Structure formats: C-alpha cells, structure tokens
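Asks: Pasting a structure here, questions to come.
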Amino acid sequence: MSAQIPKQLLRRQLLAGGRKKVARESSRCFSCSIRHAQQQTAPPKSPREGSATTHFGFETVAEALKEQKVGAVFSSVASSYDTMNDLMSLGIHRLWKDHFVRNLNPGRNPLTSPPNADQGWNILDIAGGTGDIAFRMLDHASTINNDAHTRVTVADINADMLAEGRKRALQSPYARTPRLKFVEANAENLDMISDASIDLYTVAFGIRNFTHKDAAIREAYRVLKPGGVFACLEFSKVNNALFDAVYKRWSFSAIPLIGQLVASDRDSYQYLVESIERFPSQTEFRDMIREAGFLVPGQGWEDLTGGIAAIHKGVKPA
C-alpha cells in the first residue's frame, strides 16, 4: 500500500500541474475554456531553453512532459475506460466502433480468397490497450469471414491500459492464442514492427493524444504493406452550428462534472474534452494523412453523428 500512495500522488500532481496557474475553480465553463485557449500562448524560449512545447488540452507544456501527463490521464481512467467513452460520446461510441469494424471488413475468407493468398490479416491496433477494437476485429474475421487466422497486435504506450486489455482478453476466446498479442509501444517509433508487414493499421480515439501525430502517421505508412490501409476513428468537428453549440456546452459543462462524480477525477475528463477541441479538423487531418504518402479515397473521411466523430482512411500505394 505504501508503494501505491506515491504513485497516486504523482498522477494527481501531473494532472494538476500547471492548472493552478490558470485558477481553475470547481468548474470551468465552455466560454471560460475557450478564453483560456485563446490567451494561452507558448512561453518565449530563453537562449538556454531548447525544449519544444506542445499542447496538453488548452495548456502549453514541454513536449517531454506531455507524454507523462497523458500517461497519468489514461492510467487514471483505465478501469473506467468504457464509462469515459460513454460520457464523451453520449453512449454512441459502441455503435461507431461496430460501424468502423464492419466497414473495414477484417479477415480473409478462405472460400473466396485465391488459393495462394496468405492466411488471415496481420492487424496492428494502436492505442488500443483495452482491446475494444481488437476483440471486434477478431470476432468479425471469425464469424463473418470464417477466418481463424487473422491476428491483432494491440500496441499502447500505457501499461495500465494494456493490463486492462489483458484482463478483458481472459473473458474472450482469444486469450493465450497466437491471434491476440499486447505490446507496450510508442506509436511514433514502432521499431519492433518490420517494414511493410501490416495489412491494416487502426487507431480509435487515441491519435489526438499523440505528441507528434505526423510522426505516428509516417510510422503507419512504414509498417503497412503496399495496398495496406490506415484507418482512424476519432472525435472531430461537428458540422452544424446549433448542434455544435449544444454538444460543446455538454462537453465542457457536464463531462468534467460527471467525471468528478463517477470517477472522482475531474482533471482527466477536463483534459479529454479540451483535447477534442484542439484536434485538427476533418480537412486538416485528411491532409496530414495525404502528406505522409497515403492515397486518400473520396473526400478522405466519413462523419459520424453530425461530425462528433469521423473515420479517416488512407491506402499505401501498391
């Protein structure tokens, strides 16, 4: 118990660090958050200060610190991850994930595949620690495509999220089989994954937390086989002004409060709603995917529930 107390204190300090300076009261309304984001600028660097800065929600932090702070958030919410997504999406995230997987149609049906085709797909699910997407992928491959060989590697930078996924996997038919593997890895440097070895790269509700999103997309391009698909499901920009105003009011007013009541963790939920606001628009993110070398089909994305979330895809040229 004595070892757990310092760890909990460290998480609280990381989440709270810097927030005292912005004088956050027991709540921060949406308009207050927006004003803070507009006022927040990167501090000038002294000649001795070479470290770059980035955003953590609406705060500006050193790049080296962001990974620790994001890690503290997800360590804090790992055991209540589904509840967190229910709050963030009004419960619709489960339908979005089902649609995401159906649309990708993972697996290679032995009845319709050429006789010399590889058995199954090799899927890499990034930031998928709890296994939510991986289990759906394997279920779809097995039941829809009669594919008993498709395999998923779940990679996540956070050990607590991976521990939650391994625990959930014990309730699935894929526990202790070659079809499911969990690895601790940084999406910006996947040196344990060979070039051109992955059929499908997925990331769901994770990429907005990356420090260098462009580096992660370039790594996705590297590890995918020619013809392989990059697929991202992420919160995005609502495309109706009235709906957008209502959704943001809910996000900034209700979600942190519910996080406090349900999980005794307001700061984590405050960061999560702020991270959505800071994420690039659908057009901007599509252009990032294209700049990494991917071919982008159609307009490049599919809006879900009016743009609360979106699915982006890129195909590595064959």
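The values are calculated or read from the model by the stated rules, or taken from the named source; none is laboratory data. Worth saying up front: this structure is predicted, and the values here are computed from it rather than measured. Note that we place each Cβ from the backbone using ideal geometry, even for glycine, and neighbour counts take in every protein chain shown. These area figures cover heavy atoms from the full protein model, side chains too; ligands, DNA and RNA do not enter into them. Shrake-Rupley method; radii C 1.70, N 1.55, O 1.52, S 1.80 Å.
Asks: Looking only at residues in segment 256-300 that are free of Cβ contacts under 8 Å to residues at least 24 places away in the same chain and more than 27 Å from E59 (Cβ to Cβ), which one is surrounded by the fewest Cβ atoms within 10 Å (Cβ to Cβ)?
Replies: Within segment 256-300, the match that is surrounded by the fewest Cβ atoms within 10 Å (Cβ to Cβ) is G298.
Asks: Something else about it: Somewhere in segment 73-87, is a residue small (G, A, S) and open to solvent by less than 10 Å² (accessible area, probe 1.4 Å)? Before the answer, list the steps.
Replies: Step one: list which residues in segment 73-87 are small (G, A, S), which gives 75-76, 78-80.
Filter once more, so that each one left must be open to solvent by less than 10 Å² (accessible area, probe 1.4 Å): 78.
The answer is yes; a qualifying residue exists.
Conditions (1) basic (K, R); (2) at pLDDT 80 or above; (3) over 29 Å from P178 (Cα atoms), marked per residue:
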residue	(1), (2), (3)
P43	no, no, yes
S51	no, no, yes
A62	no, yes, yes
K66	yes, yes, yes
M84	no, no, yes
N116	no, no, no
L124	no, yes, no
F135	no, yes, no
A141	no, yes, no
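Asks: Which residue is farthest from P317 (Cα to Cα), if the candidates are limited to segment 191-213 and must be charged (D, E, K, R) and under 14 Å from the mean Cα position of the chain (by Cα)?
Replies: Keep residues of segment 191-213 that are charged (D, E, K, R), which gives 191, 195, 199, 208, 213.
Narrowing the set further to residues that are under 14 Å from the mean Cα position of the chain (by Cα) leaves 208, 213.
Numbers: R208: 25, K213: 21 Å.
The selected residue is R208.
Asks: Across segment 121-140, which residue is surrounded by the fewest Cβ atoms within 10 Å (Cβ to Cβ) among those that are over 17 Å from the mean Cα position of the chain (by Cα) and not polar (S, T, N, Q)?
Replies: Step one: list which residues in segment 121-140 are over 17 Å from the mean Cα position of the chain (by Cα), which gives 121-122, 138-140.
The next check asks that each one be not polar (S, T, N, Q); those that pass are 121, 138-140.
Numbers: W121: 24, L138: 26, D139: 16, H140: 19.
Restricting to residues being over 17 Å from the mean Cα position of the chain (by Cα) and not polar (S, T, N, Q), the top hit is D139.
Asks: If you check every pair at least six apart or on different chains, which have Cβ atoms under 8 Å apart with a residue in segment 224-245 that is closer than 26 Å to D199 by Cβ first and a residue that is open to solvent by 60 Å² or more (accessible area, probe 1.4 Å) second?
Replies: P226/A318; G227/A318; F230/Y221
Asks: While we're on this one: I need a count of the residues in segment 141-162 that are touching a residue at least 12 places away in the same chain (Cβ under 8 Å) and either open to solvent by 40 Å² or more (accessible area, probe 1.4 Å) or more than 21 Å from the chain's Cα centre (by Cα) (or both). Quick ask: steps written out before the conclusion?
Replies: So the first thing to find is which residues in segment 141-162 are touching a residue at least 12 places away in the same chain (Cβ under 8 Å), and the list is 141-142, 144-162.
Going one step further and asking which of them are either open to solvent by 40 Å² or more (accessible area, probe 1.4 Å) or more than 21 Å from the chain's Cα centre (by Cα) (or both), we end up with 141-142, 144-151, 157, 159-160.
Looking only at that region, the number is 13.
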